[in-house]
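K.L.:
Submitted below is the structure of interest, expressed as structure tokens.
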Amino acid sequence: MTFNGRVELPEALHRRPYDVEIIYMAPWAFRFFGIADGPVLTILLARVTPDESGAFRVLLPNFSKDRVTESFHREAGLRFIAREQDTGNIVSFLAPANVQGTDSRNLPIKPKYPSEVVFKPVSLQGQAGGPEPKEAQ
């Protein structure tokens, strides 16, 4: 599916060129492999460079039609991360701002998304199992 997004970063966060990583998050893998605890299975799907306005377009698999994802009641999502191009350092985790049913960290698997999904930065503190992330200033 063609996915259109736009990143809204404050000036302080996009001084250096950055890419957006799109990662498939599969917490269903715990049950599938019989694992009680551990890291979530992740698959890097794409890395794209937004234009000057923050807009990007990318082709992504339609996981809403995936039998494994569907059999685990769609316990999966897409995570978007802005990374500096030259260092790979994280600029910010990105939260979908205009899609209902999100948990502020991942974009849920859906058969269809808005014509443009808007992403806003999320503070790094809440990303490793800490408190719920807040929009970065």
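The values are calculated or read from the model by the stated rules, or taken from the named source; none is laboratory data. Note that this is a predicted model, so its numbers are computed, not measured. All Cβ positions, glycine included, derive from the backbone under ideal geometry; neighbour counts span all protein chains shown.
K.L.:
Could you name every one of the strands (runs of 3 or more DSSP E) located completely within the range 1-110 that has at least 3 residues being within 18 Å of Pro121 (Cβ to Cβ) and in contact with a Phe, Trp or Tyr (Cβ under 9 Å, 6 or more places away or on another chain)?
P.N.:
Values: elements: 2-7, 18-26, 41-48, 55-59, 77-84, 90-96.
Qualifying strands (runs of 3 or more DSSP E): 2-7, 18-26, 77-84, 90-96.
K.L.:
Another question, then. With respect to Pro108, determine if the residue is closer than 17 Å to Arg6 by Cβ and under 16 Å from the mean Cα position of the chain (by Cα).
P.N.:
Values: closer than 17 Å to Arg6 by Cβ: no; under 16 Å from the mean Cα position of the chain (by Cα): yes.
The answer is no for Pro108.
K.L.:
For Ala29, all conditions in the list (1) touching a Leu at 6+ places or on another chain (Cβ under 6 Å); (2) modelled with pLDDT of 90 or more hold save one; what is the number of the exception?
P.N.:
Of everything listed in (1) touching a Leu at 6+ places or on another chain (Cβ under 6 Å); (2) modelled with pLDDT of 90 or more, Ala29 misses just condition (2).
Rundown of residues vs (1) out of contact with any Leu (no Cβ under 8 Å at 6 or more places or on another chain); (2) surrounded by fewer than 16 Cβ atoms within 10 Å (Cβ to Cβ), yes/no style:
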position	(1), (2)
Thr2	no, yes
Asp51	yes, yes
Glu70	yes, yes
Ile81	no, no
Phe93	no, no
Ile109	no, no
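K.L.:
So Ala12 passes all but one of these: (1) closer than 23 Å to Asn89 by Cβ; (2) within 15 Å of the chain's Cα centre (by Cα); (3) free of Cβ contacts under 8 Å to residues at least 60 places away in the same chain. Which condition number does it fail?
P.N.:
Tallying (1) closer than 23 Å to Asn89 by Cβ; (2) within 15 Å of the chain's Cα centre (by Cα); (3) free of Cβ contacts under 8 Å to residues at least 60 places away in the same chain, Ala12 fails exactly one: (2).
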